[in-house]
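> Here it is: the structure, laid out below.
The values are calculated or read from the model by the stated rules, or taken from the named source; none is laboratory data. Keep in mind it's a predicted model, so treat the numbers as computed, not measured. Methodologically, a virtual Cβ is constructed for each residue, glycine included, from the backbone with ideal geometry; neighbour enumeration extends over all protein chains shown.
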Amino acid sequence: MKSVSKYIIYGPGSTLKRMPAQLFENFEPKYLYEYNSSKHDDQVHVAVYEEYEKQINASVTLTCIITFTGKKTRFELKKTGGRMGFRGSSLDEEKRTVDDEVVDFILDFSKRFGLTIQEEQEQEQKVEEDES
């Protein structure tokens, strides 16, 4: 299971600009930081979602970094926390996590407004394997 998901979404700038606002309206983050460039039309949003799982007595945190650069928006989702191993593997897999909800929102919004979405693959592992 990978803990980092990266998506690049292409489309009209006005639609891409609305995407983070819609996400934060539907799923309110625990912490939110916004940066707007004064020289360019670039925007960066950093949102932290936290979810407490009572069954395993642990918190799962999702950090969502959204970078808007005119004609594309880049989402980087990093999931941390929780527990691994035997205790965590016996849990119900049907429960929807905040990670699932945010990814579903990204895919649904992109499809609804005719945006092009591309999932970025990890390339760091290939570089490390080549050096070995």
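> Taking the residues in the range 2-31 that are closer than 14 Å to L62 by Cβ and part of a loop (DSSP other than H, G, I, E, B) as candidates, determine which candidate is modelled with the lowest pLDDT.
Checking each candidate, the answer is K2.
> Name the pairs whose Cβ atoms lie under 9 Å apart, with the first residue in the range 1-29 and under 13 Å from E101 (Cα atoms) and without any contact (Cβ under 8 Å) to a residue 24 or more places away in the chain, the second of a type outside the set (G, A, S) and surrounded by 15 or more Cβ atoms within 10 Å (Cβ to Cβ), and 6 or more positions between them or separate chains?
Qualifying pairs under 9 Å: F24/H45; E28/Y49.
> Under 14 Å from the mean Cα position of the chain (by Cα) and either among the aliphatic types (A, V, I, L, M) or at pLDDT 95 or above (or both): is that true of A47 in this structure? Reasoning before the result, please.
Numbers: under 14 Å from the mean Cα position of the chain (by Cα): yes; either among the aliphatic types (A, V, I, L, M) or at pLDDT 95 or above (or both): yes.
The answer is yes for A47.
> Next question, about the same structure. Filter the range 78-129 for residues that are at pLDDT 70 or above and among the acidic types (D, E); which is nearest to T61 (Cα to Cα)? I'd like the intermediate steps shown before the answer.
Keep residues of the range 78-129 that are at pLDDT 70 or above, which gives 78-81, 96-122.
Right, trim to among the acidic types (D, E) and you get 99-101, 104, 108, 119-120, 122.
Numbers: D99: 9, D100: 12, E101: 13, D104: 17, D108: 22, E119: 21, E120: 21, E122: 21 Å.
Among those residues, the one meeting the criterion is D99.
> Among the residues of the range 32-57, write down those that are in a loop (DSSP other than H, G, I, E, B) and on the phi < 0 side of the Ramachandran plot.
Within the range 32-57, S37, S38, K39, H40, D41, D42, K54, Q55, I56 meet the criteria.
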